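First the structure, in the form of structure tokens, and then the observations on it.
The values are calculated or read from the model by the stated rules, or taken from the named source; none is laboratory data. What you are looking at is a predicted structure, and each value in this text was computed from that prediction instead of being measured. Glycine gets a Cβ as well: all are built from the backbone with ideal geometry, and neighbour counts include every protein chain shown. Accessible surface areas use protein heavy atoms only, side chains included; no ligands, DNA or RNA. Shrake-Rupley method; radii C 1.70, N 1.55, O 1.52, S 1.80 Å.
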Amino acid sequence: MDFSYPGYISDDCEFPKHRMTIIEFTLLVWAGSLAAGFLGALTGLGGGVVLVPLLSLIFHVDIRYAVGASLVSVIATSSGAASAYVREGFSNIRIGMFLEIATTFGAILGAFLAAKTPSQAIAIVFGLVLLFSAYYSFKTQHDHSQDRPPDPLATKLKLNGSFPGSKGVREYNVYHVPAGFSLMFGAGILSGLLGIGSGAVKVLAMDQAMRIPFKVSTTTSNFMIGVTAAASAGVYLHRGYVDPGLAMPVMLGVLAGSLLGTRVLVKAKVRWLRLIFAGVVVALAVEMIYHGITGQM
Amino acid sequence: MNETKQWNDQRVEIIIGTMLRVGVLVAAAVVLAGGICYLVRYGHRPTDYHVFHGEPANLRSVTQTVRAAFALQCRGIMQFGLLLLILTPIARVAFSVMAFEWEKDRMYVVMTLIVLANLCYSLIGT
């Protein structure tokens, strides 16, 4: 036994510890990230949300490295997808920019909190967010009625917009701006703390609180994720959380997987796939919470 | 008036879409190039991510990372690619400042500048 290996002493988990070479590790992480990105894009859950559990539970990567690699990868998938959505005219650039004030402040705060929060607590919070994301992915996608008069604050902020619907251009109004803004601040904190895009919370804020049409909410959320993640990425970089050797396969894998996923999306029947993926997410959530509570993180 | 605004918005959206796509592709290409170099040189060594050490100082700041990349260090090149990735949404926000300025939308110029300031603070100031 080689006790000079620094990882050995703190290694109290029951899994056999085979030390992989960098090339083996890189290829396996790349393949895992490819699958995560592919399924995440297909199911609409986002690949980023399973990256940290994948890296920390299966590859035994320290959660701080895992969070760093996940966060930069989230920028890649968000920007890649947003480039397509923006052209289609669904995302609302003004809503996005206004709410990014909240998410970037939250993201910087979250990234600072990440350094002060014990890994166990991060694991538990992560598990809870995973459970919520899985639950929220099954929400029925109906749009809200638009019979109420426009909200004065939303009008003043020029948030009301339109998008190309099946029956021509559809106008929509935005409501409950302060509530949405506060939720976005929370989404930013979670993003910075956990290294995820927190798309589910962003959609919750826009769709449920601000009553923005679902398609506009999801595409605008995607558009915002890159900026939110970039706001924590700087802090992570200075803290030494971003390891290029780890982030390389994660970022390249998730990006390729999600681009592939969006291509297939149109043709595939995703209902059963979403069920399976949500099942995986719930299992990972339970595992994260269990590891957090028992202090194995 | 409304028609000009629509047209401008659409043009801005197309430019932003292109910026994001090019940014991500360039970043991915740089990361891949650095990654190949890294695997060829260090691929046979054992991994060690179980314990957190933090990155060395030369990969923690913008200037140091750029220096490492131009010294053609493999890990430096990968980190530089990741930096380009982080810069992509920042460039998008910077462009939006100009776009709102063209539309004479002062309120949104100010909002976008706040977002840009947050991003720059995170990347440089912390």
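Residues being among the polar types (S, T, N, Q), at pLDDT 65 or above and open to solvent by less than 100 Å² (accessible area, probe 1.4 Å): count how many of those fall in the range B:1-21. So that I can check it myself, show each step before the final result.
Taking the range B:1-21 as the starting set, the residues that turn out to be among the polar types (S, T, N, Q) are B:2, B:4, B:6, B:8, B:10, B:18.
After this cut, where a residue has to be at pLDDT 65 or above as well, the list is B:8, B:10, B:18.
Those still in the list that are open to solvent by less than 100 Å² (accessible area, probe 1.4 Å) too: B:8, B:18.
Result for the range B:1-21: 2.
Being at pLDDT 85 or above, surrounded by 14 or more Cβ atoms within 10 Å (Cβ to Cβ) and small (Gly, Ala, Ser) is the filter here; which residues of the range A:10-43 pass it?
A:32, A:33, A:35, A:36, A:37, listed by residue number.
Can you run down the residue pairs with Cβ atoms below 6 Å, 6 or more apart or on separate chains, where the first is in the range A:231-257 and more than 25 Å from residue B:93 (Cβ to Cβ) and the partner is basic (Lys, Arg)?
A:240/B:60
Could you tell me whether residue A:195 is more than 11 Å from chain B (Cβ to nearest Cβ) and on the phi > 0 side of the Ramachandran plot?
Details: more than 11 Å from chain B (Cβ to nearest Cβ): yes; on the phi > 0 side of the Ramachandran plot: yes.
So residue A:195 passes the test.
Go through A:71, A:57 for me and flag whichever is assigned to a helix (DSSP H, G or I), open to solvent by 10 Å² or more (accessible area, probe 1.4 Å) and modelled with pLDDT of 90 or more. Step through it out loud before you land on a result.
Numbers: A:71 fails: open to solvent by 10 Å² or more (accessible area, probe 1.4 Å).
Only one candidate passes the filter, namely A:57.
Per-residue answers, yes or no, for (1) away from every other protein chain (no Cβ under 13 Å); (2) surrounded by 14 or more Cβ atoms within 10 Å (Cβ to Cβ); (3) at positive phi:
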| position | (1), (2), (3) |
| --- | --- |
| A:100 | no, yes, no |
| A:108 | no, yes, no |
| A:126 | yes, yes, no |
| A:135 | yes, no, no |
| A:147 | yes, no, no |
| A:152 | yes, no, no |
| A:158 | no, yes, yes |
| A:163 | no, yes, no |
| A:169 | no, no, no |
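Residue check, residue A:157 against (1) within 20 Å of the chain's Cα centre (by Cα); (2) in contact (Cβ under 8 Å) with a residue 60 or more places away in the chain, all met but one. Which one?
Evaluating residue A:157 over (1) within 20 Å of the chain's Cα centre (by Cα); (2) in contact (Cβ under 8 Å) with a residue 60 or more places away in the chain leaves (1) as the failure.
Quick check: is even one residue across the range B:63-84 of a type in the set (Ser, Thr, Tyr), surrounded by fewer than 16 Cβ atoms within 10 Å (Cβ to Cβ) and within 18 Å of residue A:234 (Cβ to Cβ)?
Filtering the range B:63-84 for residues of a type in the set (Ser, Thr, Tyr) gives B:63, B:65.
Checking the rest, the ones that are also surrounded by fewer than 16 Cβ atoms within 10 Å (Cβ to Cβ) come to B:63.
After this cut, where a residue has to be within 18 Å of residue A:234 (Cβ to Cβ) as well, the list is B:63.
Yes, the conditions are met somewhere in the range B:63-84.
Residues that are among the charged types (D, E, K, R) and at the interface with another protein chain (Cβ under 8 Å from one of its Cβ atoms): which helices (runs of 4 or more DSSP H) entirely in the range B:18-126 hold 2 or more of them?
By residue number, B:74-102.
Identify all residues within the range A:222-259 that are crowded, with 24+ Cβ neighbours inside 10 Å and more than 8 Å from every other protein chain (Cβ to nearest Cβ); write none if there are none.
Listed by number, the residues that qualify are A:222, A:223, A:224, A:225, A:228, A:236, A:250, A:253, A:254, A:257, A:258.
For the range A:84-95, give me each residue that is crowded, with 24+ Cβ neighbours inside 10 Å and either more than 7 Å from every other protein chain (Cβ to nearest Cβ) or free of Cβ contacts under 8 Å to residues at least 24 places away in the same chain (or both). Talk me through it step by step, then tell me what you get.
Pass one, the range A:84-95, residues crowded, with 24+ Cβ neighbours inside 10 Å: A:86, A:91-92, A:95.
A:91, A:92, A:95, listed by residue number.
Restricting the search to the range B:89-99, which residues are among the β-branched types (Val, Ile, Thr) and either open to solvent by 10 Å² or more (accessible area, probe 1.4 Å) or at pLDDT below 95 (or both)?
Within the range B:89-99, the first condition is being among the β-branched types (Val, Ile, Thr), and the residues that meet it are B:90, B:93, B:97.
Of everything in the range B:89-99, those that are among the β-branched types (Val, Ile, Thr) and either open to solvent by 10 Å² or more (accessible area, probe 1.4 Å) or at pLDDT below 95 (or both) turn out to be B:90, B:97.
How many residues are under 15 Å from the mean Cα position of the chain (by Cα) and aliphatic (A, V, I, L, M) when one looks only at the range A:70-109?
Count: 8.
For the range A:110-124: of the residues being open to solvent by less than 20 Å² (accessible area, probe 1.4 Å) and among the aliphatic types (A, V, I, L, M), which is nearest to residue A:288 (Cα to Cα)? Break it down stepwise before answering.
Keep residues of the range A:110-124 that are open to solvent by less than 20 Å² (accessible area, probe 1.4 Å), which gives A:110-111, A:114, A:122-123.
Within this subset, residues satisfying the condition of being among the aliphatic types (A, V, I, L, M) are A:111, A:114, A:122-123.
Values: A:111: 20, A:114: 16, A:122: 9, A:123: 5 Å.
The extreme case among them is A:123.
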